[in-house]
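The values are calculated or read from the model by the stated rules, or taken from the named source; none is laboratory data. Predicted, not measured: the structure shown is a model, and the values here were computed from it. A quick note on method: Cβ atoms are made from the backbone with ideal geometry, for glycine too, and the neighbour counts reach across all protein chains shown. Ligands, DNA and RNA are excluded from the accessible area calculation, which covers all protein heavy atoms including side chains. Shrake-Rupley method; radii C 1.70, N 1.55, O 1.52, S 1.80 Å.
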Amino acid sequence: LKGKNTPMIADEWEAKILESFGVKLAKREANSLSILGTNVGDAYDFYRRGRENFILLDEESLEAAIPLLKKAIELDPNYSDAYATLAETYQRLYDYRNFTGDRIGAEKMKIFGLEAASKAIELSPESSTANRVNSFYYYYMDPDFEKSKLYAQKAVTLDPKDAEAAMR
């Protein structure tokens, strides 16, 4: 493990597991993207920690996820999954701000959510997650049901198990 970061280790394990099932992967190009969505080990670690906070879905944990996800993006500005999770974090915080009557805070979450969702789709138009968060934005935060439907259909096409996208 010495000298290897998390994405390198993940890619090696993917290859070993698939080989154990008789699937031989083509040799990865030196600059190809890891299965973790980034080749920057520290970016993945910050993303993972931010995602762990996001999953709790309470206001405090969502707030704690933001600086971690932003740090992942700072370390790897092309990390689409980090942008998508940041967008989804802002989208969830939008609910909290609306519920408490904080209209200015809700509007900020809406703007930040769109920026992050747009960046995620720009970086990775074939990402189910990026398409799902854009679908959610146009369904719930800035209703444009046709746009929402197009993003949701693409998300489900890319990942038929994406139940949240299928709901749109």
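A compact table of results
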item: Pairs, first in contact (Cβ under 8 Å) with a residue 24 or more places away in the chain in region 84-106, second part of a loop (DSSP other than H, G, I, E, B) and open to solvent by less than 60 Å² (accessible area, probe 1.4 Å), C-beta under 7 Å, six or more apart; result: Ala84/Ser127
item: Residue match in region 43-59 (condition: hydroxyl-bearing (Ser, Thr, Tyr), modelled with pLDDT of 95 or more and either part of a helix (DSSP H, G or I) or crowded, with 20+ Cβ neighbours inside 10 Å (or both)); result: yes
item: Yes/no for Tyr90 being at pLDDT 95 or above, of a type in the set (Phe, Trp, Tyr) and within 24 Å of Pro160 (Cα to Cα); result: no
item: Residues of region 94-146 classified as among the basic types (Lys, Arg), open to solvent by 50 Å² or more (accessible area, probe 1.4 Å) and within 24 Å of Asp159 (Cβ to Cβ), total; result: 1
item: Whichever residue in region 132-159 is over 17 Å from the mean Cα position of the chain (by Cα) and not in a helix (DSSP H, G or I) and, among such residues, is nearest to Tyr83 (Cα to Cα); result: Asp142
item: Filter pass, Asn78 being modelled with pLDDT of 95 or more and not in a helix (DSSP H, G or I); result: yes
item: Some residue of region 83-93 being farther than 27 Å from Asn5 by Cβ, of a type outside the set (Ser, Thr, Tyr), open to solvent by 40 Å² or more (accessible area, probe 1.4 Å) and not in a loop (DSSP other than H, G, I, E, B); result: yes
item: Pairs where the first residue, in region 107-131, is in contact (Cβ under 8 Å) with a residue 12 or more places away in the chain and the second is among the charged types (D, E, K, R) and open to solvent by less than 60 Å² (accessible area, probe 1.4 Å), C-beta under 7 Å, 6+ apart; result: Met109/Arg97; Ser128/Asp159; Ser128/Asp162; Thr129/Asp81
item: Test: residue in region 60-68 that is part of a helix (DSSP H, G or I), within 30 Å of Lys4 (Cα to Cα) and open to solvent by 60 Å² or more (accessible area, probe 1.4 Å); result: yes
